[in-house]
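Peer 1: Supplied in structure tokens, the structure appears directly below.
The values are calculated or read from the model by the stated rules, or taken from the named source; none is laboratory data. What you see is a predicted model; the values in this text were computed from it and never measured. For neighbour counting, all protein chains shown are included, and Cβ atoms are generated from backbone atoms with ideal geometry for every residue, glycine included.
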Amino acid sequence: MRSTLGSRLPSVADGAAGDEYLVRPARLLDYRSWRATRMANERRLAPAFGSPDRLWSALNTRSAWLERFGPVPGLSRRGRSLTYVVVARDPRGHERIVGEVGIRGVDPVTASGEISVWATDLPDAVMPWATASLVAAAFASEHRLDRVVAPVARNNPGPCRMFEAVGMERRAVRRSLREYDGAPRDHDIWVIENTPATRAALHDLAADSAPGACSGD
């Protein structure tokens, strides 16, 4: 399996459904699937991606889709964004959006970018594979980043094991950094540096589609 973005992950962990998983750029026709997935997973996603001032449905309209994904090609060409959808493809070839992985807010001075991910309830290997593929691409592109950071609300432990699995380290805590579940929350700052060892580990994870074990603290 190729480790570049757009490669496939055979769904070994989800053999009953027989799905394959892809990481690829969003397409205009993805909107309905993207909205349906996000609406069906409001309870899971709204604490991190919602707003106390707006209904969840209002944050997932066609206009919101275009606002999010419309500028992506231009930003990508300038090295300011890498934003992709995670897609499940069933044995009949039908695709549905099951998540996103993206690096935005790239600072050209420090060559750093901030990663953001979300997903439905997927086989354990999928999101570490997708995240490793994304970060590997960011570290190897012509607009190579020196590091990727991930602020995670301290009362949102879900992403932590996945970030550990791809080699990120918890480096700092920012007090009341952003809202989570409607209130300002402390956030842990996870970091991964662009080194030869890191690139090799990410390449292996993306190629093997099997995240290594990680332990809590």
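Peer 1: Pairs needed: first member in the stretch 116-130, more than 14 Å from GLY167 (Cα to Cα); second member anywhere, basic (Lys, Arg); C-beta distance under 7 Å; at least 6 residues apart or different chains.
Peer 2: SER116/ARG104
Every residue, every condition in (1) more than 17 Å from VAL117 (Cα to Cα); (2) not in a strand (DSSP E or B), yes or no:
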| position | (1), (2) |
| --- | --- |
| ALA137 | no, yes |
| PRO151 | no, no |
| ALA172 | yes, no |
| ARG175 | yes, no |
| ARG185 | yes, no |
| ALA201 | yes, yes |
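Yes or no, residue by residue, for (1) assigned to a strand (DSSP E or B); (2) in contact with a helix residue (DSSP H, G or I) (Cβ under 6 Å, 6 or more places away or on another chain):
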position: VAL87; (1), (2): yes, no
position: ARG92; (1), (2): no, no
position: GLY99; (1), (2): yes, no
position: TRP118; (1), (2): yes, yes
position: LEU122; (1), (2): no, no
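Peer 1: Inspect all residues belonging to the stretch 69-85 and state whether any of them is part of a helix (DSSP H, G or I) and at pLDDT 90 or above.
Peer 2: yes
Peer 1: Looking only at the stretch 16-43, count every residue that is under 18 Å from the mean Cα position of the chain (by Cα), modelled with pLDDT under 95 and within 20 Å of LEU82 (Cα to Cα) and tell me the total.
Peer 2: 7
Peer 1: Another question, if that's okay. For the stretch 64-71, indicate whether the set of residues that are more than 18 Å from THR37 (Cα to Cα), within 16 Å of the chain's Cα centre (by Cα) and in contact (Cβ under 8 Å) with a residue 24 or more places away in the chain is non-empty.
Peer 2: The answer is no, given that none of the residues of the stretch 64-71 is more than 18 Å from THR37 (Cα to Cα), within 16 Å of the chain's Cα centre (by Cα) and in contact (Cβ under 8 Å) with a residue 24 or more places away in the chain.
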